[in-house]
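Okay, so here's the structure we're looking at.
What follows draws every value from the coordinates through simple rules; no lab data is involved. Bear in mind the structure is a predicted one, so any value in this text is a computation, not a measurement. All Cβ positions, even for glycine, are placed from backbone atoms using ideal geometry, and neighbour counts span all protein chains on display.
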Ligand code: 0CN
Ligand code: SF4
C-alpha cells in the first residue's frame, strides 16, 4: 500500500546506540589478549551477544566454548561481559586455567549487592530472564537466597520466608518499564520490599531505551540492529512498539531488511543494542539510502563518556611486557578505574 501523498523519506537515528563501556572493554580485552599472547585465546560463552563480533574474533583466533571443561588444562580463558558465578571461577581454578575476567563492572556491582543482602539473610528477588548468562552468574552468588522473577505475571508465585526482609535486584539489560511494573506488583504483595542501593538496569540500557522512545512515535518502522540472544537489543524492539512505532524488527545484518517493510513508509527509526558495532548500523544506513532514505537525522537524548579500564589480569601482563595497557580512545571519555591496579 502506498499513501497518496507520502512525505519526504527520512531516517531518525537514535543516539546513544551501540557499544556501551562494558562491551567495548570486553571486546578490546579479547583483541588485546590475541595480540599479546597469540591464538588460541579461549572465551567462555559469547564475549558479548553479537554474532558479528563473535565471528570476527573467531576468525582472529578466539575459541568460544560453553564451559571451562572444554578449555585445555592450564590454558588462558576470558570470561564474558555477562559475568560468571563463583562455581565457574572454582571450576576454572581446578583446571589451573589462566583467567581474564571481562565481566562488566556494572554486572559485578549487582553480584556484590547479592552477596551483601544474602549475608544479611534477605530473600532476594532477582528480576531477570531464566537461562540468561548474567542471571545464572548473579544467582550463583547466593543460590539459597535468590529466586528469579521473569515477568510481572510471575509475582503471584513468589514465596518468601519473611516479608519484612525482601529486596529486589535485577539483570542489567531489562526493559525499565516492565521491570517497574514487576516491582510495583511485588511491592503490593511485600510492602517492606527494599530497592537496590542503586539502579541495576545499567546506564547504557536505560539510555538506549530513552532514545528509541523519543523517536518511535514519529516512525512507521523502527529497525533495531542486534542479535537474537541480546537481551538489551530485543528489549529495544518492545520499547519501540510500546512507544508507538508502526512496526519494529530486529536484524543482525543489513541484508535482512525485507524491502516489503519499507512499502508506504516515510520515516524509519534506526537504533542498535549495546553489543553492536557501528559498522553494522552504517551498512543499514547505506541500504536504506539505496531505497531512497538518504536523509538521516540524529535524535540524541544523552551523551555517554564512560570508559572502563581493562581487566586487571590483562593490564598486569601488558604492563610487565612494557606495552601500553591503555586502549584506543574514541573521543573524549571519562576513565573510570573500577578495579585495584
Ligand atoms: O547483548 P549483550 O552482550 O547482552 P544482553 O543484552 O543479552 O545482556 O550486551 C551487553 C550486555 C551486558 C552485560
Ligand atoms: Fe555493562 Fe550495561 Fe554494557 Fe551490560 S549493557 S556490558 S551492564 S554497560
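A few remarks follow.
- Projected label points at residue 229 and residue 69, each 7 Å from Cα along the beta carbon direction, are separated by 1.9 nanometres.
- The ellipsoid equivalent to the alpha-carbon distribution of the chain has semi-axes of 34, 29, 16 angstrom, derived from the gyration tensor eigenvalues as √(5λ) and listed largest first.
- Using a simple spin-label model with pseudo-atoms 7 Å out from Cα toward Cβ, residue 98 and residue 129 lie 3.5 nm apart.
- Exposure proxy order (Cβ contacts within 10 Å, fewest to most) of 52, 42: 52, 42
- Spin-label model, residue 192 to residue 35: label points 7 Å out along the Cα-to-beta-carbon direction sit 5.4 nm apart.
- Mean separation of Cα pairs under 8 Å and 6 or more residues apart, divided by the residue count, gives segment 29-90 a relative contact order of 40 percent.
- Relative contact order (%) - criterion: Cα under 8 Å, at least six apart; region: the chain: 24
- Efficiency of FRET between residue 278 and residue 177 - r from beta-carbon atoms, R0 45 angstrom, step 0.05: 0.95
- Peptides 239-249, 86-96, 159-169 ordered by average Cβ neighbours within 10 Å, highest first: 239-249, 159-169, 86-96
- Estimated FRET transfer efficiency when R0 is 35 angstrom, pair residue 157-residue 247 (beta carbons, to 0.05): 0.55
- Model label zone, residue 316; criterion: amide N under 13 Å from point 7 Å along Cα-to-beta-carbon; scope segment 75-116: 98-101
- The packing ranking, built from the mean of other Cβ atoms within 10 Å per residue, places the peptides 277-283, 98-104 in the order 98-104, 277-283, highest first.
- Taking packing as the residue-averaged number of other Cβ atoms within 10 angstrom, the listed peptides 173-181, 16-24 run from highest to lowest as 16-24, 173-181.
- Remark: relative contact order (segment 116-196) = 35 percent; criterion is Cα-Cα distance under 8 angstrom and separation of 6 or more residues.
- Ellipticity at 222 nm from helices only: DSSP H runs of n ≥ 4 in the chain, each -39500 (n - 2.57), divided by the residue count, give -10500 deg cm²/dmol.
- You can think of it this way: the chain between residue 120 and residue 203 has 27.1 nm of extra reach, that is 0.36 nm per residue less the Cα-Cα gap.
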